[in-house]
């Protein structure tokens, strides 16, 4: 079974090295390639985290990925061919004065690099709503280049976050105003799962990734403990019949990949696995189509 991981991280930082160890993995280029080969992951979408980009136009620069080698902001793309990336947004640094120039900074990569497949907003970690006017030039960019906008949604990894900015209902505001832009609610909006599923059900242009629902290596005891949670999520999916709106994701290196694939397969019925693990990501992150040929 072919898999596209629609949400992972490819970031060379000590904290991720430690998280990978807790998941019985290694946070390295080789570590991820070995995982892909062992689990039939043919492509993955990494969320931009690194601060390597050069400022070319006087705007806020995007966050890139860097686990696969030196920064590529001045050189051709040098990460693995089977890894694409979403440009990470530092929303708090964007102002009315630099918003257009910020869009130019992002367009530099969208225009030149086919591995640049989307734009990622870190709401909750950034105390700004997704629908804030400062993001308008980036939404227009997503429309022009036919790439999705992904938003962190749900709980945050630290206590500094402001959860109201990460609620999936905020995506409804942006998606309603921008029907020609595809939006991805990351992490199923956990714990606001019914809200996230309702937003995706209501809006044709909203999709969901199933990343980051658990951490580390899952022991048999932990798998028994999350059984009711899995059934709860499945209940809402079956109620809304959203099989064409959901995508597999991991949030690697936070989770053990075989554990993640197995447990998400218990949420999604087997007859919808091909959509969930592969086909839906090809439609949402449409630039991938040429990269997996």
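Data for the structure
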quantity: Protection proxy ranking, peptides 97-108, 226-237, average beta carbon neighbours within 10 Å, highest first; calculated: 97-108, 226-237
quantity: Nearest-0.05 FRET efficiency for residue 42 and residue 22, computed from C-beta distance (R0 22 Å); calculated: 0.25
quantity: Relative packing of peptides 118-126, 133-141 - highest average C-beta neighbours within 10 Å first; calculated: 118-126, 133-141
quantity: Residue 133/residue 202 FRET efficiency (R0 30 Å; Cβ-Cβ; nearest 0.05); calculated: 0.85
quantity: Virtual spin-label span in nm between residue 75 and residue 158, 7 Å along Cα→Cβ; calculated: 3.0 nm
quantity: Between the stretch 223-293 and the stretch 96-166, the Cα center-to-center distance that results, in Å; calculated: 23 Å
quantity: Rounded to 5, percent antiparallel among DSSP beta bridges of the stretch 3-291; calculated: 5 percent
quantity: Pairwise centroid distance, computed over Cα atoms, of the stretch 1-80 with the stretch 184-201, Å; calculated: 25 Å
quantity: Spacing of the two label points (7 Å from each Cα toward its C-beta) at residue 104 and residue 271, in nm; calculated: 5.4 nm
quantity: Peptides 243-256, 271-284, 16-29 ordered by average Cβ neighbours within 10 Å, highest first; calculated: 243-256, 271-284, 16-29
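Quick note: the coordinates plus some simple rules give every number you see, no bench work behind them. This is a predicted model, so every value here is computed, not measured. No Cβ is skipped: glycine too gets one built from the backbone with ideal geometry, and neighbour counts run over all protein chains shown.
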